Every structure is written in structure tokens, then in C-alpha cells.
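K.L.:
My questions all concern the structure below.
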Amino acid sequence: MNILVTGASGLVGSPISAALQSDGHHIEKLRRQEGAAPVWNPNAGTIDLGSSPAFDAVIHLAGENVGKRWTAERKRRIRDSRVAGTHLLSETLAKLATPPRVLICASATGFYGDRGEEWLDESSPAGAGFLAGVCRDWESAAAPAVSAGIRVVHLRFGIVLAGQGGALAKMLPAFRLGLGGRLGDGRQYWSWIAIEDVVHAVRHVLENQELRGAVNVTSPNPVTNREFTAALGRVLKRPTFFVVPRRVVSLLFGEMGREALLSSARVRPGKLLASGFRFCSADLDAALARALG
């Protein structure tokens with residue numbers, strides 16, 4: 001297949017692009033730099049796909065990093081990079097003489113908001129808060145592609161476990177020093193996914209014509225923050241006695257800390273399981289050990 005990828009150099013995009021190339025697919029990267037097409041500038045609302053052959057599939061992973069303290073400007077960039085960028089791409093694809101057969105868009109389990117111990121699947125409604133609102137509008141922004149008859153899939157990613165970056169890499173320095181510990185009371189559920197299962201899930205979605213709409217890309221075994229902390233300590237062979245009180249998380253990270261670190265989303269990958277997907281790393285200890293080499 002001829003596949004266009006946005007965010008191809010990111011934590012998720014890089015291994016996905018490499019894996020699909022190794023499968024024999026041709027990968028075109030939609031870049032922001034000026035130069036040869038395909039190139040785009042979501043802020044300016046421009047996109048140039050050039051003279052590339054018709055794309056069989058588009059994988060849209062681009063978006064501003066949410067893992068830093070949110071200011072009003074950062075929140076605007078987070079929202080615009082996802083909502084405006086997805087709408088621009090969807091409109092462009094819908095107008096092509098030969099649109100792609102499938103558009104796979106990143107989304108996140110932040111869609112569900114803070115839901116305590118409630119089990120959540122793709123039929124669960126959106127939650128409250130900034131991230132939930134962004135995810136809801138992010139997915140809605142692909143409406144032009146849906147209207148054009150393109151099969152659109154929204155991958156609601158949990159916490160992606162990869163040794164080279166993302167949330168896990170930010171935790172490692174403290175945990176390796178034996179200073180790791182739970183956040184708040186540690187009862188909030190963290191829905192996670194190993195990077196190798198992210199790659200396999202994208203392959204699965206590309207091949208499975210029945211999958212469309214929201215698809216949770218999470219392990220079938222979500223854990224509490226307390227359980228995650230203990231597992232990371234076991235893998236690193238370090239103690240995890242420390243506790244970061246809720247008020248300290250809020251003081252250090254503000255709204256981002258409350259929504260991304262302290263909120264609870266106990267997510268089940270219902271559609272993946274129903275479609276026969278098999279996880280490589282459904283066990284957290286094994287997934288962490290593999291991610292950390």
C-alpha cells in the first residue's frame with residue numbers, strides 16, 4: 001500500500017512507519033518543513049500533497065505534546081494541532097479524485113475523563129474536562145472524510161510504554177534513584193499499552209475492514225497508579241515508598257496534573273478483542289521489562 005503518515009518521527013509514528021516499511025508498504029511522510037511535497041502547515045490551513053500517487057491509507061498521528069504544564073497558550077496549541085489539523089487533512093482527503101480507503105487518526109483515552117472504577121469501552125460517552133473536550137472535537141473533525149465514504153478509525157491510545165520517550169521515560173530518573181512512588185492515593189486507573197502492541201494494532205486496523213469509529217488501543221489489563229508504581233519498582237529492583245500528595249501534583253503540574261496524572265480511566269479494548277486481536281504484552285511487568293530492555 002501507499003501510506004501517508006503525519007507525525008512520522010514521533011514516539012508512536014517512528015516505529016509504526018518502520019514496521020509498515022518492513023512489511024513492504026511505501027511510506028510518505030507529511031512534513032511541516034518547507035520543501036518538496038507532501039508538506040503542510042496546519043496553522044496556516046495549507047496542505048500540498050504534490051504529485052504523489054493516490055494514497056491507499058493515511059495515518060494521522062501529529063499533535064502537540066500534552067505532557068507539560070498547561071498555560072492558556074499551550075492549551076490553544078494542543079487543541080488547534082489536533083482539531084484544526086485533523087479537519088484540514090480530512091477536508092483535503094475528501095476532495096481528492098481518488099480518496100484513501102482508510103484514515104486512521106490518533107485520539108486518546110482522555111476522551112473518557114475522570115471516571116473512577118467504572119469500566120469503559122468504545123460505547124461509553126465522553127467525560128468532562130479539557131482533554132475530554134479536545135478528544136471529542138478531535139474525533140469530530142474527521143467528519144469530512146466520513147462523509148466522503150472514507151473508513152475512519154480513531155485510535156484512543158492509553159499510556160504508551162516505550163523506553164525511548166513518553167510518560168515512562170519521564171518517570172525513570174526518579175524511580176531509578178529509588179525515589180519513585182504513587183501519585184495521590186494511587187487508586188486512579190491508568191490504561192496502558194506496550195509500543196509493540198500499538199504497532200500491531202495499527203496493522204490490524206489497516207487489514208480489518210470492519211473496524212471503524214473509535215477503537216481503544218489499551219491493554220485489556222488496566223491497573224491503578226499504585227499497581228503501576230509497584231510494577232515499575234519490581235522491574236527496576238528499586239523501592240517505591242514515596243508518595244506525591246494530590247495537592248503537590250496539582251501545585252507542580254496544575255490542570256495537566258489533575259487531568260492526566262490523577263484522573264482515572266479504566267478502559268477495555270472492546271473492539272480489538274472482538275475482532276480477534278492478540279496482545280503481545282498484556283502483562284504490565286513483562287511490558288515494562290521489554291520496554292526497558
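K.L.:
Of everything in the stretch 31-42, what is out of contact with any Asp or Glu (no Cβ under 7 Å at 6 or more places or on another chain) and either open to solvent by 40 Å² or more (accessible area, probe 1.4 Å) or free of Cβ contacts under 8 Å to residues at least 24 places away in the same chain (or both)? Give them in sequence order.
P.N.:
R31, R32, Q33, E34, G35, A36, N41
K.L.:
Oh, and also: Does any residue in the stretch 54-68 that is touching a residue at least 12 places away in the same chain (Cβ under 8 Å) come within less than 8 Å, Cβ to Cβ, of a residue that is basic (K, R) six or more places away or on a different chain, and which pairs are these?
P.N.:
D56/R101; A57/R101; G63/R82; E64/R74; E64/R77; E64/R82; G67/K170; K68/R74
K.L.:
Restricting attention to the stretch 106-148, report how many residues are in a helix (DSSP H, G or I) and under 18 Å from the mean Cα position of the chain (by Cα).
P.N.:
Initial filter on the stretch 106-148 (in a helix (DSSP H, G or I)): 109-112, 130-140, 143-147.
Now drop any that are not under 18 Å from the mean Cα position of the chain (by Cα), which leaves 109-112, 130-140.
So the answer is 15.
K.L.:
While we're here: Given the criterion assigned to a helix (DSSP H, G or I) and on the phi > 0 side of the Ramachandran plot, identify the matching residue among G254, G233. Give the derivation first.
P.N.:
Details: G233 fails: on the phi > 0 side of the Ramachandran plot.
The unique qualifying residue is G254.
K.L.:
Additional query: Here are some residues: P100, P53. Which one is over 24 Å from A194 (Cα atoms) and in contact with a helix residue (DSSP H, G or I) (Cβ under 8 Å, 6 or more places away or on another chain)?
P.N.:
Values: P53 fails: in contact with a helix residue (DSSP H, G or I) (Cβ under 8 Å, 6 or more places away or on another chain).
Checking each option against the conditions leaves just P100.
K.L.:
Here's a follow-up. Is it the case that the stretch 44-59 has a residue that's surrounded by fewer than 17 Cβ atoms within 10 Å (Cβ to Cβ), modelled with pLDDT under 95 and not in a loop (DSSP other than H, G, I, E, B)? Give the derivation first.
P.N.:
First, the residues of the stretch 44-59 that are surrounded by fewer than 17 Cβ atoms within 10 Å (Cβ to Cβ): 44-46, 48, 50-54, 56.
Narrowing the set further to residues that are modelled with pLDDT under 95 leaves 44-46, 48, 50-54.
Pick out the ones that are also not in a loop (DSSP other than H, G, I, E, B) and you get 46, 48.
Yes, the conditions are met somewhere in the stretch 44-59.
K.L.:
Please specify each residue of the stretch 60-72 satisfying the condition of being over 30 Å from H204 (Cβ atoms) and either in a loop (DSSP other than H, G, I, E, B) or open to solvent by less than 50 Å² (accessible area, probe 1.4 Å) (or both).
P.N.:
If we filter the stretch 60-72 for residues that are over 30 Å from H204 (Cβ atoms), which is where we start, we get 68-72.
Within the stretch 60-72, K68, R69, W70, T71 meet the criteria.
K.L.:
Against the condition buried (at least 21 other Cβ atoms within 10 Å of the Cβ) and within 24 Å of A201 (Cα to Cα), how does R82 come out, does it pass?
P.N.:
Details: buried (at least 21 other Cβ atoms within 10 Å of the Cβ): yes; within 24 Å of A201 (Cα to Cα): yes.
It is true that R82 is buried (at least 21 other Cβ atoms within 10 Å of the Cβ) and within 24 Å of A201 (Cα to Cα).
K.L.:
Going through the stretch 218-275 one residue at a time, which ones are in contact (Cβ under 8 Å) with a residue 60 or more places away in the chain, small (G, A, S), farther than 20 Å from P173 by Cα and buried (at least 16 other Cβ atoms within 10 Å of the Cβ)?
P.N.:
S219, S263, S264, A265, G270
K.L.:
Go through the stretch 182-201 and give me each residue that's part of a strand (DSSP E or B) and open to solvent by 10 Å² or more (accessible area, probe 1.4 Å).
P.N.:
R182, L183, Y189, W190
K.L.:
Just to be sure, is H204 in contact (Cβ under 8 Å) with a residue 24 or more places away in the chain, open to solvent by 60 Å² or more (accessible area, probe 1.4 Å), within 21 Å of the chain's Cα centre (by Cα) and within 15 Å of L155 (Cβ to Cβ)?
P.N.:
Working: in contact (Cβ under 8 Å) with a residue 24 or more places away in the chain: yes; open to solvent by 60 Å² or more (accessible area, probe 1.4 Å): no; within 21 Å of the chain's Cα centre (by Cα): yes; within 15 Å of L155 (Cβ to Cβ): yes.
No.
K.L.:
Quick one: what pairs do we get from the stretch 125-152, first residue open to solvent by less than 10 Å² (accessible area, probe 1.4 Å), second of a type in the set (D, E), C-beta under 8 Å, 6+ apart or different chains?
P.N.:
none
The values are calculated or read from the model by the stated rules, or taken from the named source; none is laboratory data. Everything quoted here is computed from the prediction, not taken from an experiment. FYI the Cβ positions are ideal-geometry reconstructions off the backbone, even for glycines, and counts take in every protein chain you see. For accessibility, only protein heavy atoms count, side chains too; no ligands or nucleic acids. Shrake-Rupley method; radii C 1.70, N 1.55, O 1.52, S 1.80 Å.
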